[in-house]
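First comes the structure, then the notes that go with it.
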Amino acid sequence: MRAYADFVVEYKLTVEFPNFQDKIYVRDGEELARWWIAQTNRPDTIFCANDEAAAGFITEIRRAKFSVLGDIAIIGFDNTEVANLLDFTTIHYPVDQQAENAFLILQNMLHSTDKTLIPLEYTLIERHTT
């Protein structure tokens, strides 16, 4: 969000874009799709906070007879089974290593240790929506 705000300021853009933070459910993706459909100047790509919201967006767009990829590109985040089933592009991140890091942070705090966190690597999983 900060990068987006900085970009708007740097390039002196006037952008009317609603706040879609904390939108993580299928119904939230459907809401985002209805907003997109109502626009006269539509964004050509949507990046959702997770795959569930992306699935809702894709489903609502298709109901309205728009073409994913033809009319809009969509990217999810999580690389869950729903992304595979609906064949959409997503970002994979190692949730197991993220959980391990959370444990290490707690362990370091509780025992005054300094165990090194695991570097997390994110991977773009390209499918048929970008």
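Observations on the structure shown:
- Remark: spin-label model distance Ser67-Arg27 equals 3.3 nm, labels positioned 7 Å along the Cα→Cβ axis.
- Computed E for Thr45/Asp114 - FRET, C-beta separation, R0 41 angstrom, nearest 0.05: 0.50
- Gaussian network model of the chain, Cα within-10 Å springs - most flexible of Thr59, Thr14, Thr113: Thr14
- Formal net charge of residues neighbouring Ile58 (Cβ-Cβ distance under 14 Å; K, R +1; D, E -1): -2
- About the Cα centre, charge dipole magnitude for the chain (Lys/Arg +1, Asp/Glu -1 at Cβ), debye: 380 debye
- Top of Lys115, Lys12, Lys23 by mean-square fluctuation, Gaussian network on the chain, Cα under 10 Å: Lys12
- Relative to the globular-protein estimate of 2.2 N^0.38 Å, the Cα radius of gyration of region 36-83 stands at 1.10.
- Qualifying chymotrypsin sites (Phe, Trp or Tyr not before Pro) in region 4-81, DSSP loop, other Cβ atoms within 10 Å at most 10: Tyr11
- The C-alpha radius of gyration of the chain, expressed as a fraction of 2.2 N^0.38 Å, stands at 1.27.
Every number in this text was worked out from the coordinates using simple rules, so none of it is lab data. Because the structure is predicted, anything quoted here is derived from the model rather than measured. In this analysis, Cβ positions are derived from the backbone assuming ideal geometry, glycine residues included, and neighbour counts consider all displayed protein chains.
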